[in-house]
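Novice: Below is the structure I would like to discuss, written out as structure tokens.
The values are calculated or read from the model by the stated rules, or taken from the named source; none is laboratory data. Note that the structure is predicted; figures quoted are calculated from it, not measured. Backbone-built Cβ (ideal geometry, glycine too); neighbour counts: all protein chains shown. These accessible areas exclude ligands, DNA and RNA; they are computed on the full protein's heavy atoms, side chains included. Shrake-Rupley method; radii C 1.70, N 1.55, O 1.52, S 1.80 Å.
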Amino acid sequence: MQGTIRLAALAAALALAGCASFSADGGMSAVADIAGHITGKEVASVRGDDDAERVRAATRRLLARPLSADAAVQVALFNNKGLQAAYSALALSEADMVEASLPPNPTFSLMRISGDGALEAERQVAGDILALATLPLRSEIARERFRQAQLKAALATLRLAAEVRRAQVRAVAANELVGLLVEAQSAAEATAKLASKLGETGALNRLDQAREQVFYAETTAELATARRAAGSARERLIRLMGLWGDDLNFRLPDRLPALPRRPLSQPFVEADAVGHRIDLQVARLELTALATALQLSEATRFVTLLDLAGLDRKTVEPDGRVIRERGYDVQFQIPIFDGGEVRVRQAAETYNIAFNRLTERAVTVRSEARDAYRSYRAAFDIAGHYAREVLPLRRIISEEMQLRYSSMQVDIFALLLEARQRLASRRAAIDAVRDFFLAEAELSAAVNGGVASGEDSAQQTASALAPSND
Amino acid sequence: MLSRRTLLGSAALAGASAVSGRVQAASIPEAPTMDKTVMQPPLHPSAGPDYQPVVTLNGWSLPFRMNGDWKEFHLVAEPVTREFAPGMTTHLWGYNGQSPGPTIEAVEGDKLRIFVTNKLPEYTTVHWHGVILPCGMDGVGGLTQPHIKPGKTFVYEFEMKHAGTFMYHPHADEMVQMAMGMMGMIVVHPRDNLPPPVDRDFVFVMSTYRIEPGSYLPKVNEMTDFNMWTWNARVFPGIDSLPVRLGDRVRIRIGNLTMTNHPIHLHGHKFKVIGTDGGWLPETAQFPETTTDVPVGAVRVLDFTADNPGDWAFHCHKSHHTMNAMGHDMRNLIGVPRKELAAAVGKLAPDGMVMGNTGMAMGNMEMPAPDNTLPMMTGSGQFGPIEMGGMFTTVKVREGLARDDYRDPGPYQFPKGTVAYEVASAPEPVRRSDGAPTQVRTQR
């Protein structure tokens with residue numbers, strides 16, 4: 001019995017050294033720090049009714065006004081249930097960490113055998129000594145894993161923020177296009193009516209009537225298409241923001257914000273990205289955890305199991321004689337056939353894989369950062385070119401055509417032709433501004449984490465390459 | 001006669017004071033230049049045989065000097081700016097500061113020595129259109145003489161064997177140079193009194209241009225679709241009126257260097273065509289008319305007596321030639337309700353104007369137009385808009401004008417009861433619907 005007590009005392013002492021406890025917020029403060037610092041938004045894990053109430057009120061306030069990109073991100077951080085699930089997963093991983101940092105539970109066994117008047121009773125307390133000895137190492141690994149989980153939650157936050165930003169930009173741009181086409185359609189409708197009236201007075205033949213009316217017909221079709229696209233873009237934003245029911249009546253701004261006066265200057269964009277990228281930090285922690293695991297494997301390569309058991313056996317012979325025996329039982333497993341080499345190799349190669357993955361990731365991050373910055377600058381220049389050159393020139397053309405119309409130099413339908421060309425330029429300008437804000441979100445993601453999924457960036461590239469210039 | 005020469009001397013001095021450029025050699029006469037577009041007073045001869053000088057519409061006559069028994073003139077071919085009418089300036093080529101160039105006046109039998117200096121960026125020549133002269137003086141580049149290269153001065157010498165009205169223009173790259181405004185008139189006064197001298201003798205040349213609204217240079221390759229129809233490179237309301245004294249015998253000499261004919265119509269009078277660039281018509285070939293066609297590359301000289309006081313329209317009768325710049329590819333909007341038109345225009349051109357739904361009458365509208373673009377119909381009289389442009393002006397017949405007074409006498413003061421007036425109460429016109437003739441023929 002004395003041995004058993006001694007074992008228990010040892011276990012308790014060791015446990016105190018490596019034991020972790022649950023945090024008050026399930027590890028959210030670290031996530032809020034990282035994600036909040038980068039997005040400038042409040043990050044909240046909604047757990048109780050109080051949280052829900054607070055988030056609800058904040059969401060209502062944000063949805064009351066035309067929804068800016070920033071407001072959309074905040075609404076999503078509060079309401080996206082996928083993100084909340086990620087936060088719950090974080091809390092779950094905290095439990096795993098706590099579990100891993102506790103000493104191994106001792107095994108108690110009680111055996112009683114009787115027959116032929118004889119009785120044998122054995123009590124045993126057994127504990128995994130090796131596990132206890134390596135507890136600090138294991139607990140360190142668990143802490144790294146938890147820290148990793150926190151970063152992953154932060155990354156999920158950033159990803160969502162970037163997605164929401166992109167979705168908001170797309171939805172507003174789609175709305176702006178709808179507005180433009182509504183304007184164009186009303187002009188086209190007026191001239192189409194004029195064309196049919198001229199058919200009635202005899203001034204326009206069937207061919208020319210059709211020519212003048214086809215713009216109206218085409219614009220109507222384009223408007224329907226644009227409305228559909230705007231609806232889809234809005235729904236995507238709604239999904240990301242996690243909204244339903246009454247919350248769907250929010251308004252979007254009529255147009256995208258103006259371009260910034262000058263573009264961000266980021267000479268150290270690569271270094272910034274390597275320093276900031278959350279996914280890179282996750283990979284780095286992975287490597288640290290694996291290094292610790294490798295140490296663990298090295299430490300335990302020759303003995304993989306060391307069970308120490310204290311025994312207390314009482315035997316009652318048939319003749320009533322009582323024999324009492326005490327002792328201990330040591331069991332250990334020696335990897336004779338591979339000398340532990342297999343496990344060490346496995347650990348080492350896992351480490352190497354992680355190392356190479358991290359290096360690869362860093363190379364990719366650098367490249368992504370450079371690419372994103374160049375795209376950002378190019379998108380800024382293109383959108384600025386539309387704002388400074390193309391649209392003012394279109395305005396001059398429009399004014400001069402109106403003067404020519406007023407002084408009877410050109411026909412009213414020449415104005416229609418000019419309006420069509422102006423429309424094409426204005427569409428391209430909207431696309432260019434949209435592409436700039438998408439590139440801006442992309443740049444932030446490339447520096448901080450939250451890079452878009454492949455499909456999204458492919459879409460954006462395609463639209464940047466082929467601006468609609470109908 | 002002497003007093004008239006004294007008057008002329010002062011006019012010649014005024015001309016000489018406006019000389020531009022240096023006299024290159026003592027043997028070459030000065031080249032006077034003109035910077036005004038208003039009609040200059042007649043230039044009475046300072047030397048040589050006397051004559052009744054012409055008045056060039058919105059132009060001037062070129063002063064000369066006598067050198068022995070030669071009359072010497074100096075023409076400088078050069079780029080000029082010409083105001084077509086207030087509000088529109090064009091960049092043309094011309095002579096001595098203006099396009100068209102100054103009128104050259106001489107007397108039948110005069111020996112002329114005309115120096116021509118080329119300040120154009122390309123070579124030129126001067127052809128004396130209609131003048132009978134030695135072949136080597138005819139001014140056809142390549143055929144009768146070498147081209148006058150930029151910076152060079154050539155001299156033409158010939159005798160004016162015939163009285164009449166002629167023209168001058170380049171015969172080197174002439175399509176471009178005439179489209180740029182290189183032309184002028186030559187008037188050779190008769191030594192005897194045939195045709196009889198008149199009290200007022202006007203001269204001008206017609207030219208056409210294609211100038212895109214808002215631009216300053218003519219499109220020299222345009223062959224048919226011109227939009228500026230000018231008399232002496234002026235358009236109404238930029239063309240001076242022709243003031244004449246009641247009872248004056250009036251002569252108008254018209255040259256045509258456009259690419260189409262112009263039926264010139266005078267209101268309130270009948271005239272006879274007495275001459276062409278070929279000479280004088282025999283009296284038996286003259287017949288009265290109020291419109292005469294001036295063919296391409298020809299001259300017509302009209303004579304009439306101004307015996308009907310008033311402001312009389314005088315214009316080309318091709319209606320689009322009395323319009324300034326206008327688009328030709330226009331739908332006819334007559335019959336479309338104004339509201340519907342306004343809806344379409346308002347959407348496409350918020351600052352545009354609605355017009356054309358009842359016709360084009362728009363003389364009293366303020367029409368915004370591109371820079372350097374004249375309204376297509378303009379000018380106003382004492383009763384309202386005249387709605388004319390291009391080849392239009394008025395002959396103003398008045399009592400008691402001074403002999404050499406060519407100033408605008410202002411609008412005509414109509415004697416009471418001589419102006420068309422509105423009927424006080426006019427019922428709907430009565431119509432017969434059975435198609436029967438309204439005049440019943442009397443039975444014999």
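Novice: Please list, or write none, the lysines whose alpha carbon is within less than 26 Å of the alpha carbon of residue A:41, excluding same-chain residues fewer than 8 places away.
Specialist: A:81, A:152
Novice: Per residue, what accessible area does region A:25-145 have, given a 1.4 Å probe and all protein chains present, in Å²?
Specialist: Working: 6170 Å² over 121 residues.
With the other protein chains kept in place, region A:25-145 gives 51 Å² per residue.
Novice: Determine the per residue accessible area of region B:168-281 with all protein chains present and a 1.4 angstrom probe, expressed in square angstrom.
Specialist: Values: 3490 Å² over 114 residues.
Counting only protein heavy atoms, the per-residue value for region B:168-281 is 31 Å².
Novice: Shifting gears a bit: What are the residues whose amide H is under 5 Å from the amide H of residue A:67, where those residues sit 5 or more places off or on another chain and H is modelled from the backbone?
Specialist: A:251, A:252
Novice: With just the Cα atoms defining each centre, how far is region B:153-187 from region B:102-149? Give it in Å.
Specialist: 6 Å
Novice: Among residues other than residue B:132 whose Cβ falls under 13 Å from its Cβ, what is the net charge (Lys/Arg +1, Asp/Glu -1)?
Specialist: Details: positive: B:161; negative: B:108, B:138, B:159, B:277.
My count for the surroundings of residue B:132 gives -3.
Novice: Tell me, what % of the accessible area of the protein assembly as shown is carbon and sulfur with a 1.4 angstrom probe? Intermediate results must be reported in sequence, preceding the final value.
Specialist: Numbers: 24830 of 45060 Å².
So the carbon and sulfur contribution to the accessible surface is 55 percent.
Novice: Let me ask something else. Using protein chains only (no ligands, no nucleic acids) and a 1.4 Å probe, work out which residues of region A:396-428 have their accessible area cut by at least 20 Å² relative to the chain alone.
Specialist: A:402, A:403, A:404, A:405, A:406, A:407, A:408, A:409, A:411, A:412, A:415
Novice: If you don't mind, another one. So how tilted is helix A:278-299 from the main axis of chain A? Cα-based, degrees 0 to 90, rounded to 10.
Specialist: Helix A:278-299 and the main axis of chain A meet at about 20 degrees.
Novice: A further question on this structure: Tell me, what is the per residue accessible area of region B:94-164 in Å², probe radius 1.4 Å? Display every interim value, and only then the final one.
Specialist: On the way: 2540 Å² over 71 residues.
About 36 Å² of surface per residue is accessible.
Novice: Also, I was wondering about something else. Compute the accessible area of each residue in region B:194-228 twice, once for its chain alone and once with every protein chain present, using a 1.4 Å probe on heavy atoms, and list those whose area falls by at least 40 Å².
Specialist: B:213
Novice: Rounded, prolate or oblate: which fits chain A, taking a ≥ b ≥ c as square roots of the Cα gyration tensor eigenvalues, rounded meaning a/c under 1.5, else prolate when a/b beats b/c?
Specialist: Details: a/c = 4.04, a/b = 3.05, b/c = 1.32.
Prolate shape, in that a/c is at least 1.5 and a/b is the bigger ratio.
Novice: Tell me, what is the percent relative contact order of chain A, built from C-alpha pairs under 8 Å that lie six or more residues apart? It would help to have the intermediate numbers written out before the result.
Specialist: On the way: 629 pairs, mean separation 95.5, N = 470.
Relative contact order, chain A: 20 percent.
Novice: Rounded to the nearest 100 Å², what is the buried accessible area between B and A, both sides summed, probe 1.4 Å? Before the final figure, lay out the partial values.
Specialist: On the way: alone 21850 and 25880 Å², together 45060 Å².
Looking at B and A, the buried total is near 2700 Å².
Novice: Continuing with the same structure: Got a sec? Charge dipole of the protein assembly as shown, +1 on Cβ for Lys and Arg, -1 for Asp and Glu; which of A:221, A:38, B:32 is way out at the positive end?
Specialist: B:32
Novice: Still on this structure, I have one more. Do you know the relative contact order of region B:23-90, to the nearest whole percent, from alpha carbon pairs under 8 angstrom that are 6+ apart? Could the numbers behind the result be given before it?
Specialist: Working: 77 pairs, mean separation 18.8, N = 68.
Relative contact order for region B:23-90 comes out at 28 percent.
Novice: From Cα pairs below 8 angstrom and at least 6 apart in sequence, can you work out the relative contact order of region B:196-239, rounded to a whole percent? Don't skip to the answer; put the middle values down first.
Specialist: Details: 46 pairs, mean separation 17.2, N = 44.
It comes to 39 percent, rounded to a whole number.
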